[in-house]
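The values are calculated or read from the model by the stated rules, or taken from the named source; none is laboratory data. This structure is a prediction, so every number in the text was calculated from the model and none was measured. Here the Cβ positions follow ideal geometry from the backbone for every residue, glycine too, while neighbour counts run over all protein chains shown. Calculation scope for accessible area: heavy atoms of the full protein, side chains included, ligands and nucleic acids excluded. Shrake-Rupley method; radii C 1.70, N 1.55, O 1.52, S 1.80 Å.
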Amino acid sequence: RGVSPLLAASLIHAAVDEVLRIDFTEFKKPSAETEEEGDEERFTLLDGDSLQRCFFNKLRDVCLQWQKQLPPLKPQKRFLLVSIHAIRNTRRKMEDRHVLLPEFNQLFGLADDIDRAYFAVFDGHGGVDAANYSATHLHVNVGLHEEIVKNPAEALKCSFQKTDEMFLFKAKRERLRSGTTGVSALIVGNKLHIAWLGDSQVMLVRQGKAVTLMEPHKPEREDEKARIEALGGCVTYMDCWRVNGTLAVSRAIGDLYQKPYVSGDADGDSFELSGSEDYLLLACDGFFDAIKPYEVVDLVLDHLMQTNGVGVKAAERLVAAAKENGSSDNITVLVVFLREPQHILADCFRDPKSLGAGEDARSSAFNFLGCEAAA
């Protein structure tokens with residue numbers, strides 16, 4: 001507790017490495033009656049309690065070892081500042097989950113000179129099990145994928161399907177009905193790789209302009225509707241467009257009883273980062289249903305002006321704005337600043353007309369400049 005994330009990730013990797021050297025036979029659980037033929041070959045069930053005790057014993061050993069001599073730890077070269085805020089809002093339960101791993105390399109023991117960082121937002125429905133599972137396992141599947149170094153885009157995209165398969169195995173065994181949308185971003189050097197299922201979204205802001213990176217999976221999309229109907233399902237309107245009259249998303253992890261109509265096959269894309277990018281934003285539909293991408297730019301800029309360039313509570317401001325705009329859903333917003341917020345603000349002062357998508361931000365910039373000049 002209280003340890004730096006860099007040291008924590010390095011300690012976890014070292015302890016897991018020690019655990020993986022042991023014989024797992026003693027932890028293996030017997031097959032369940034609900035398992036289908038072939039499941040035992042693909043998935044091995046282990047006793048979580050005894051394995052957890054084993055891990056913490058190994059972690060203690062590593063800590064004692066490192067107290068005597070701390071190995072060299074390699075921090076990220078790229079600037080990253082993360083602002084995260086999530087609220088239950090008026091919903092009965094909080095079913096959103098999020099993951100931020102700027103120390104991705106340290107966690108998975110990737111020792112090359114390329115910086116890697118991982119971020120994800122999951123929006124669960126029908127319970128929190130699928131969202132919990134995805135937040136726990138997706139990044140592990142990415143980090144352990146055989147293509148993580150040579151083809152990280154493929155590793156990220158394929159890991160969604162792998163996580164879906166793993167959760168469906170658990171869902172069959174434990175009779176779970178939940179599902180989750182998910183959006184993830186993997187920054188590898190000067191490349192941004194994204195992948196998504198459902199209607200959680202990721203967007204980029206570059207030099208004060210909102211850049212749309214993806215199209216969410218909704219049943220009313222012509223290609224999604226055609227895919228569902230070709231499988232024998234239907235898309236109907238019941239207060240919104242729904243798959244088989246139930247789900248308002250057409251792709252997700254889980255949703256055992258809606259497969260294959262609700263697909264676990266993620267879409268993905270990759271983008272070059274030139275250094276002119278301001279920040280990345282990942283959020284659930286509870287945010288994007290209430291706030292348009294161009295409004296994000298004005299809200300963040302206004303927040304930076306009010307805080308003199310301190311960005312750590314930018315996500316809090318965005319969540320508050322979504323709630324004020326009428327969102328009653330769970331709201332999760334994750335902002336990853338790719339440049340110093342003070343520099344973003346300074347660029348606005350130098351050329352207020354070039355930044356901000358709306359007149360409010362431009363007016364604020366001029367007013368702020370006028371106040372500064374008067375002072």
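Checked against the criterion of being touching a His at 6+ places or on another chain (Cβ under 7 Å), of a type in the set (D, E, K, R), at pLDDT 95 or above and on the phi < 0 side of the Ramachandran plot, the candidates Asp223, Asp199 yield just one match: Asp199.
Give the residues of the range 313-325 that are open to solvent by 60 Å² or more (accessible area, probe 1.4 Å) and without any contact (Cβ under 8 Å) to a residue 60 or more places away in the chain, sorted by residue number.
Initial filter on the range 313-325 (open to solvent by 60 Å² or more (accessible area, probe 1.4 Å)): 313, 316-317, 323-325.
Selection gives Arg317, Glu324, Asn325.
Restricting Arg177, Arg173, Arg206 to those that are open to solvent by 40 Å² or more (accessible area, probe 1.4 Å), modelled with pLDDT under 95 and in the same structural domain as Glu103 (by the TED database) reduces the list to Arg173. Going by the conditions given, is Gly124 touching a Ser or Thr at 6+ places or on another chain (Cβ under 7 Å) and open to solvent by less than 30 Å² (accessible area, probe 1.4 Å)? Against the criterion (touching a Ser or Thr at 6+ places or on another chain (Cβ under 7 Å) and open to solvent by less than 30 Å² (accessible area, probe 1.4 Å)), Gly124 qualifies.
Anything in the range 154-170 that is open to solvent by 70 Å² or more (accessible area, probe 1.4 Å) and charged (D, E, K, R)? List them, or say none.
In the first step, residues of the range 154-170 are kept if they are open to solvent by 70 Å² or more (accessible area, probe 1.4 Å); the result is 154, 157, 161-162, 165.
Scanning the range 154-170 gives Glu154, Lys157, Lys162, Glu165.
Scanning the range 224-246 for residues that are farther than 16 Å from Tyr257 by Cα and assigned to a helix (DSSP H, G or I) turns up Glu224, Lys225, Ala226, Arg227, Glu229, Ala230. Reported count of residues in the range 241-267, each being open to solvent by 30 Å² or more (accessible area, probe 1.4 Å) and among the β-branched types (Val, Ile, Thr), is 1. The set of residues from the range 290-312 being surrounded by 17 or more Cβ atoms within 10 Å (Cβ to Cβ) and over 18 Å from Gln207 (Cα atoms) comprises Ala290, Ile291. Considering the range 190-203, and only residues there that are open to solvent by 20 Å² or more (accessible area, probe 1.4 Å) and more than 22 Å from His125 (Cβ to Cβ), the residue that is nearest to the chain's Cα centre (by Cα) turns out to be Lys191. Scanning the range 53-87 for residues that are more than 30 Å from Arg339 (Cα to Cα) and either surrounded by 12 or more Cβ atoms within 10 Å (Cβ to Cβ) or aromatic (Phe, Trp, Tyr) (or both) yields Cys54, Phe55, Phe56, Asn57, Lys58, Leu59, Asp61, Val62, Cys63, Gln65, Trp66. Per the conditions (1) in contact with a Leu (Cβ under 7 Å, 6 or more places away or on another chain); (2) modelled with pLDDT of 95 or more; (3) closer than 25 Å to Leu334 by Cα, the sole criterion not satisfied by Ser250 is (1).
Pairs meeting the criteria (first residue in the range 112-133 and within 21 Å of Ser83 (Cβ to Cβ), second residue assigned to a helix (DSSP H, G or I) and open to solvent by 10 Å² or more (accessible area, probe 1.4 Å), beta carbons under 6 Å, at least 6 apart or on different chains) are Arg116/Asn105; Tyr118/His139; Phe122/Ala135.
Residues in the range 216-257 that are in contact with an Asp or Glu (Cβ under 8 Å, 6 or more places away or on another chain), touching a residue at least 40 places away in the same chain (Cβ under 8 Å) and not aliphatic (A, V, I, L, M): Pro216, His217, Ser250, Arg251, Gly254.
Per this entry, Asp49 is counted among residues that are farther than 29 Å from Gly275 by Cα, without any contact (Cβ under 8 Å) to a residue 12 or more places away in the chain and open to solvent by 60 Å² or more (accessible area, probe 1.4 Å).
For the range 138-173, the set of residues classified as over 15 Å from Arg251 (Cβ atoms) and among the polar types (S, T, N, Q) consists of Asn141, Asn151, listed by residue number.
The one condition from (1) closer than 30 Å to Leu46 by Cα; (2) in contact with a Lys or Arg (Cβ under 6 Å, 6 or more places away or on another chain) that Ala171 does not meet is (2).
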